Protein chains: 2
Amino acid sequence: MIKNPEHRPWQVLSSEYLDKKPWFTVRKESVQLPSGVVVPDWYIFEFPKWINVIAITKDGKFVMISQYRHGLGTTSYELVAGVCDPNETPEQSAKRELLEESGYGGGEWSEYMRVCPNPTNHNNISYTFLAIGVERVAEQNTEDTEDIDVHLLSRQEVRYLLDNNMMPQALHVAPLWRWFAENR
Amino acid sequence: MIKNPEHRPWQVLSSEYLDKKPWFTVRKESVQLPSGVVVPDWYIFEFPKWINVIAITKDGKFVMISQYRHGLGTTSYELVAGVCDPNETPEQSAKRELLEESGYGGGEWSEYMRVCPNPTNHNNISYTFLAIGVERVAEQNTEDTEDIDVHLLSRQEVRYLLDNNMMPQALHVAPLWRWFAENR
């Protein structure tokens, strides 16, 4: 229905890793635009695939979490989310994270959205899964660096959070607004 | 309607800037969770406020752009977007960027969404504005590091891009899905 826009990639003149830590793997590149203009320092933040889950119980409650987020310095409602381990598919990661962070599992799963945190300076994709009819199957089992509260919110409560900019995480806001666009 | 979740912030034990460049200002902090667990290296990427614009012409076309994005290595349709200059309000930045990147202006403006690129490791907010009834008022006037095509897309074309994960930028996908949730 609509064709892709013209692709005019940049040429990489030089590339170096500044660091290669789990949450701080940074590539600095000198790049040249098709016009000939050179940008000597373009920074790319490398991350693994990320996932999050819109998990809805049999009785229509959204399984949400809250935790302090140190980048912004705030605590807000979020979807269950996490990082794909090397040998996992995104769906396997999403099911593992939902179980670990909330104790919920089961239900009918489907991939719902693929976005990038920021195509300008990130190299990774965040996958959203829709899990319908989940139920509490275990105790929460988080890592000692995680401090997570679980919340079961109604459709109306989730919509209120979205309507009032009370969920700051763009990677979660995008698929939730899609859900409300598709579920009247 | 719904109260904020309990806020249990971390204590910052030490903080240092690794660099302070325009697109690479990074703070490394040692933090302590309420449980007493210490994370010795938490990285925070500092950026100015960002903006983007859902701009719709008098005849209902969405003013979109496309440009190569080196982080992901792709070229896709995007909203007009940019960075707030120090002395600008987000709305002033959005009007400037729309004019510079597309040549469009005028219309009725309102703030439409506030999200964070990633509350985990980013400190900034991205503001979306809705501009209804814009028209072509000038020539495109981009910087020499920008290589931008302008596209006027129908509502159906924008929805097709969203339905098929053809727009990777989460900061643009979120407000566009909100628009489709609110505009049947």
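The values are calculated or read from the model by the stated rules, or taken from the named source; none is laboratory data. Fair warning: this is a prediction, and the values are worked out from it, not measured in the lab. So basically every Cβ, Gly included, is an ideal-geometry build from the backbone, and we count neighbours across all protein chains shown. Ligands, DNA and RNA are stripped out before the accessible areas are found, and what is left, the full protein with its side chains, is counted by its heavy atoms. Shrake-Rupley method; radii C 1.70, N 1.55, O 1.52, S 1.80 Å.
Quick grid of which residues meet (1) of a type in the set (A, V, I, L, M, F, W, C); (2) in contact with a His (Cβ under 6 Å, 6 or more places away or on another chain); (3) buried (at least 17 other Cβ atoms within 10 Å of the Cβ); (4) within 21 Å of B:PRO168 (Cα to Cα):
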| position | (1), (2), (3), (4) |
| --- | --- |
| A:LEU13 | yes, no, no, no |
| A:GLU16 | no, no, no, no |
| A:GLU29 | no, no, yes, no |
| A:PRO34 | no, no, no, no |
| A:VAL39 | yes, no, no, no |
| A:GLU46 | no, no, no, yes |
| A:VAL53 | yes, no, yes, yes |
| A:VAL63 | yes, no, yes, no |
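Looking at region B:163-174 only, could you name the residues that are within 7 Å of chain A (Cβ to nearest Cβ), under 18 Å from B:TYR112 (Cα atoms) and in contact with a Leu (Cβ under 7 Å, 6 or more places away or on another chain)? Scanning region B:163-174 gives B:ALA170, B:VAL173.
Taking the conditions exactly as written (modelled with pLDDT of 95 or more, open to solvent by 30 Å² or more (accessible area, probe 1.4 Å), of a type in the set (Lys, Arg) and under 30 Å from B:TYR17 (Cα atoms)), does B:ARG114 satisfy them or not? Quick ask: steps written out before the conclusion?
Numbers: modelled with pLDDT of 95 or more: yes; open to solvent by 30 Å² or more (accessible area, probe 1.4 Å): yes; of a type in the set (Lys, Arg): yes; under 30 Å from B:TYR17 (Cα atoms): yes.
Taking the combined requirement at face value, the residue satisfies it.
Looking across region A:71-81, the residues that are of a type outside the set (S, T, N, Q) and either buried (at least 20 other Cβ atoms within 10 Å of the Cβ) or touching a Cys at 6+ places or on another chain (Cβ under 6 Å) (or both) come down to A:GLY71, A:LEU72, A:TYR77, A:GLU78, A:LEU79, A:VAL80, A:ALA81. Remark: pairs (first residue in region A:9-36, of a type outside the set (S, T, N, Q); second residue modelled with pLDDT under 95; Cβ separation under 7 Å; 6+ apart in sequence or on different chains) = A:LEU33/B:THR145.
Within region B:128-144, does at least one residue satisfy the condition of being touching a Phe, Trp or Tyr at 6+ places or on another chain (Cβ under 7 Å) and within 7 Å of chain A (Cβ to nearest Cβ)?
The initial filter retains those residues of region B:128-144 that are touching a Phe, Trp or Tyr at 6+ places or on another chain (Cβ under 7 Å), namely B:128-131, B:134-137.
With the extra rule that they be within 7 Å of chain A (Cβ to nearest Cβ), the set shrinks to none.
Scanning region B:128-144, I find no residue that is touching a Phe, Trp or Tyr at 6+ places or on another chain (Cβ under 7 Å) and within 7 Å of chain A (Cβ to nearest Cβ), so the answer is no.
Only a single item in (1) touching an Asp or Glu at 6+ places or on another chain (Cβ under 9 Å); (2) among the polar types (S, T, N, Q); (3) surrounded by fewer than 14 Cβ atoms within 10 Å (Cβ to Cβ); (4) facing chain A (nearest Cβ under 8 Å) is not met by B:ASN4, and it is number (1). When region B:1-43 is filtered for residues that are of a type in the set (Val, Ile, Thr) and more than 25 Å from the chain's Cα centre (by Cα), the ones remaining, listed by number, are B:ILE2, B:VAL12, B:VAL31, B:VAL37, B:VAL38, B:VAL39.
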